[in-house]
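Report on the structure given below.
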Amino acid sequence: GAGVSQSPSNKVTEKGKDVELRCDPISGHTALYWYRQSLGQGLEFLIYFQGNSAPDKSGLPSDRFSAERTGGSVSTLTIQRTQQEDSAVYLCASSFGFSGPQETQYFGPGTRLLVL
Amino acid sequence: AQKVTQAQTEISVVEKEDVTLDCVYETRDTTYYLFWYKQPPSGELVFLIRRNSFDEQNEISGRYSWNFQKSTSSFNFTITASQVVDSAVYFCALSDTDNYGQNFVFGPGTRLSVLP
């Protein structure tokens, strides 16, 4: 596709359920980023992939959060046993590379998650 | 601990005025990265710039310019001849590693309104 896509666009779930959020980066982009934005915490950086590898997972808020990327393309952010404080917009971005002009990140429209 | 301060919560200017958005950061590291992002009313984040701490040259991109001053720990953003389309929330961010992770922190944002 022309841009970064994310699915679902909206997700309502019950507390305690698991959710999977998907990000399809721009074709050919090797770097992929997850962020989230909530009323309570503002903007937060979650995790970054270079290829299929995430060098630092310390930005994930808790061990209920995990992320993977396969084939250097699609990434999935999984939240287990969701809590109400997980309610936020989850944003994905990708970039061609990680330095110079290649580092420009292009964002998807986000997935709005509401945990009841 | 790392911190990013954007003291201006909201700024209003009239179209064609120049406007500077302030960003002051705190870090103990000598190597770090500074960022600016834009979030227009549509909500989709736009990546504007990443700058590493070894590059103190000012950056200009069209009507946008960035002034990095290590001596005052500031990375200010100036929009010249502002336009209505510049109305957005602008976020400054800091990471002390190029792996990002938990050391990636955002400022609270400055809401810019450009009036016609």
Condition (residue is of a type in the set (Ser, Thr, Tyr), open to solvent by 20 Å² or more (accessible area, probe 1.4 Å) and within 27 Å of residue A:27 (Cβ to Cβ)) applied to region A:87-102: is it met by at least one residue?
yes
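Does residue B:75 satisfy the criteria of being open to solvent by less than 20 Å² (accessible area, probe 1.4 Å), closer than 30 Å to residue A:9 by Cβ and either free of Cβ contacts under 8 Å to residues at least 24 places away in the same chain or part of a strand (DSSP E or B) (or both)? Write out each step before concluding.
Numbers: open to solvent by less than 20 Å² (accessible area, probe 1.4 Å): yes; closer than 30 Å to residue A:9 by Cβ: no; either free of Cβ contacts under 8 Å to residues at least 24 places away in the same chain or part of a strand (DSSP E or B) (or both): yes.
No; evaluated as a whole, the condition is false for this residue.
Residue-by-condition table, conditions (1) open to solvent by less than 40 Å² (accessible area, probe 1.4 Å); (2) at pLDDT 95 or above:
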residue: A:9; (1), (2): no, yes
residue: A:12; (1), (2): no, yes
residue: A:18; (1), (2): no, yes
residue: A:37; (1), (2): no, yes
residue: A:45; (1), (2): yes, no
residue: A:54; (1), (2): yes, no
residue: A:64; (1), (2): yes, yes
residue: A:71; (1), (2): no, no
residue: A:75; (1), (2): yes, yes
Which members of region B:92-103 meet the condition of being at the interface with another protein chain (Cβ under 8 Å from one of its Cβ atoms) and open to solvent by 10 Å² or more (accessible area, probe 1.4 Å)?
B:97, B:98, B:99, B:102, B:103
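Looking at B:89, B:13, B:114 in this structure, which one is part of a strand (DSSP E or B), within 14 Å of chain A (Cβ to nearest Cβ) and of a type in the set (Val, Ile, Thr)?
On the way: B:13 fails: within 14 Å of chain A (Cβ to nearest Cβ); B:114 fails: within 14 Å of chain A (Cβ to nearest Cβ).
Exactly one residue qualifies, and that residue is B:89.
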Could you go through region A:99-113 and let me know if any residue there is closer than 15 Å to residue A:13 by Cβ, of a type in the set (Phe, Trp, Tyr) and in contact with a Gly (Cβ under 9 Å, 6 or more places away or on another chain).
no
Residue that is nearest to residue A:114 (Cα to Cα) [pool: residues in region A:53-88 that are within 14 Å of chain B (Cβ to nearest Cβ) and among the hydrophobic types (A, V, I, L, M, F, W, C)]
A:88
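Could you please find all residues in region A:20-35 being in a strand (DSSP E or B) and open to solvent by 30 Å² or more (accessible area, probe 1.4 Å)? Reasoning before the result, please.
In the first step, residues of region A:20-35 are kept if they are in a strand (DSSP E or B); the result is A:20-24, A:31-35.
A:20, A:22, A:24, listed by residue number.
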What are the pairs, 6+ residues apart or on separate chains, where a residue within region B:1-19 that is open to solvent by less than 80 Å² (accessible area, probe 1.4 Å) has its Cβ under 7 Å from a residue that is of a type in the set (Phe, Trp, Tyr)?
B:4/B:25; B:4/B:106
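Which residues, taken from region B:44-56, are over 14 Å from residue B:76 (Cβ atoms), open to solvent by 30 Å² or more (accessible area, probe 1.4 Å) and outside any strand (DSSP E or B)? It would help to see each step written out before you state the result.
Of the residues in region B:44-56, the ones over 14 Å from residue B:76 (Cβ atoms) are B:44-47, B:50, B:52-55.
Those still in the list that are open to solvent by 30 Å² or more (accessible area, probe 1.4 Å) too: B:44, B:46, B:50, B:52, B:54-55.
Passing the criteria: B:44, B:54, B:55.
The values are calculated or read from the model by the stated rules, or taken from the named source; none is laboratory data. Remember, predicted model here, so these are calculated numbers, not experimental data. Virtual Cβ from ideal backbone geometry, glycine too; neighbours counted across all protein chains shown. Quick note on the areas: whole protein, heavy atoms, side chains included, nothing else; ligands and nucleic acids left out. Shrake-Rupley method; radii C 1.70, N 1.55, O 1.52, S 1.80 Å.
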